[in-house]
Amino acid sequence: MKQTLTITCKLRPTPEQALKIEALLKAFADACNFVNQSVKPSVTRKTTIQSQVYQDIRARFGLSANQAVRVCARVGANRKTAKLKHRPVKAFRPTSADYDARVFAFREKDWTVSLTLLDGREHIRLDMGNYQRGKLKGRKPTSAQLCQHRDGFYYIHIQLTDDAPDPIKPDKVIGVDFGRRKIAKTSTGQGWDGKPLNQIRDRFSRVRASLQKKASKGTRSSRRRCRQVLQRLSGRERRFQQWLNHSISAAIIREAKQLNAAVAIEDLTGIRERTNQQPRSKTERRRSNSWAFYQLRQFLAYKAIKEGIELVAVPPADTSQTCHRCNHMGLWSGKSFNCGHCGWHGDADWNGAINISKLGAVVSLPRGSGLFCSLEQAVSGLPKAPSL
């Protein structure tokens, strides 16, 4: 099994190179928009799209042969994703361009990358830390993505593909219950409280609202100052959430490796769309939409593959309302769970995590889970590793 990890490295282009990168990104986005408008929306195959517009892309936008092929692949992939979500493809913005081995090369001897731009090849210096240097040392990556982040700087996302270790044969299953009150709770008793995160998010929201209000009024200098502060705060909340999810996922996988266990998680796909259909306050909607459960699942997935840990996604229905001791429906209220059948009462998230571990055992352990109710419908599989 192959695993692809993405290493993000900052570029240090000269002013002339920066202008060439900007022109390349604009040409790539314009080509994608042209293809999306010229080819029928039902066509999603890269080769079919390429056969129809390849020559036009080369003639109109000045892209190289491989870049024209990457444009067709980008449009086809976006169309497939939009089709799964029953949405149209949005307009492409000049923020990224795809590269393969013919138009990209990493040079370890001087820590630069060679990129084909509109006017030919350019060798651009990399600004990296020890982590990126350690990952790229001795490697010859064959694909990358040139990006402009929100901070205005240019980055190269280099893909590294390795053979993942074979999954270990687990002796048990650790269940993980996701939530907003507790970001994650495991069946072994580990838990991460979401209250500090919610407080930080609320504080950032208040600061942004205040600065945006001031930026719309006041003097010219005060408006400029407010915009500068907003730009400085941009991404700080996101980076904190990312660091927290990395810490949680690393702790869960580390415990699973120590216990020789598989990990079972809830499949919460589509939960945001379902909850947004319910009447809620503006504050509650913001808190729910900022819940980064999918990012946590991605981090768990790639760390599990890297360590040979099996990851199982199970349906979340009734896991929080079923007693883990007698498998009967109970009363779930806030942080507590009470079973009217056997009399058990305790932490609701821990109870749900145990039920998730039982569902994961259905497909991970040969002896099964011992469940006898409708909960025993699990979905197994090892997710593909996402990008970092």
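Counting alpha carbon pairs within less than 8 Å and at least 6 residues apart, what relative contact order, in whole percent, applies to region 67-144?
After rounding, I find 27 percent.
Which whole-number percent is the relative contact order of the chain (Cα, under 8 Å, 6+ apart)?
Here the relative contact order equals 18 percent.
Could you work out what % of the accessible surface of region 57-197 is carbon and sulfur, using a 1.4 angstrom probe and leaving DNA, RNA and ligands out of the count?
Here carbon and sulfur together make up 48 percent of the probe-accessible area.
If the reach is capped at under 17 angstrom between alpha carbons, list the lysines near Lys46, excluding any in the same chain fewer than eight residues apart.
Partners within reach: Lys80, Lys83.
Skip the ligands, DNA and RNA, and give the accessible area per residue of the chain with a 1.4 Å probe, whole Å².
Heavy-atom accessible area per residue stands at 55 Å².
With a sphere of radius 15 Å drawn around the Cβ of His341, what net charge do the other residues whose Cβ falls strictly inside it have (Lys, Arg +1; Asp, Glu -1)?
0
For region 54-148, which trypsin sites (Lys or Arg not before Pro) are in a loop by DSSP, counting at most 16 other Cβ atoms within 10 Å?
Lys85, Lys90, Arg102, Lys109, Lys137, Arg139
With +1 on each Lys and Arg Cβ and -1 on each Asp and Glu Cβ, and nothing else charged, work out how big the dipole of the chain is about its Cα centre, in Debye to the nearest 20.
In debye, rounded to 20, the chain gives about 1980.
If contacts are Cα pairs under 8 angstrom and at least 6 residues apart, what is the relative contact order of region 131-272 in percent?
It rounds to 25 percent for region 131-272.
Helix 348-364 versus the longest principal axis of the chain: what is the Cα-based angle in degrees, 0 to 90, to the nearest 10?
Helix 348-364 sits at roughly 80 degrees to that axis.
Could you tell me how many degrees, from 0 to 90 and to the nearest 10, lie between the Cα long axis of helix 236-259 and the main elongation axis, the longest principal axis, of the Cα atoms of the chain?
Approximately 50 degrees, to the nearest ten.
Of the beta bridges DSSP finds with both residues in the chain, what % are antiparallel, to the nearest 5?
About 85 percent, rounded to the nearest 5.
In degrees between 0 and 90, to the nearest 10, how far off the longest principal axis of the chain does helix 220-233 point, with axes built from Cα atoms?
60
For a quick check, take a GNM of the chain with Cα springs below 10 Å and name the residue from Lys140, Lys20, Lys217 with the largest mean-square fluctuation.
Between Lys140, Lys20, Lys217, it is Lys217 that shows the largest mean-square fluctuation.
What do you reckon, how do Asp267, Asp119 stack up by accessible area (1.4 Å probe), largest on top?
So the residues, ranked largest to smallest area, are Asp119, Asp267.
Taking only DSSP H segments of four or more residues, each worth -39500 (n - 2.57), what value at 222 nm results for the chain once the sum is divided by all its residues, to the nearest 500 deg cm²/dmol?
Estimated from H runs of four or more residues: -14500 deg cm²/dmol.
Please go through the residue pairs Lys182/Lys257; Lys40/Lys90; Lys2/Lys185; Lys26/Lys90; Lys182/Lys335 and name each one whose alpha carbons sit more than 18 Å apart in this structure.
Flagged as over cut-off: Lys182/Lys257; Lys2/Lys185.
The values are calculated or read from the model by the stated rules, or taken from the named source; none is laboratory data. The structure displayed is predicted, hence computed values, not measured ones. No Cβ is skipped: glycine too gets one built from the backbone with ideal geometry, and neighbour counts run over all protein chains shown. These area figures cover heavy atoms from the full protein model, side chains too; ligands, DNA and RNA do not enter into them. Shrake-Rupley method; radii C 1.70, N 1.55, O 1.52, S 1.80 Å.
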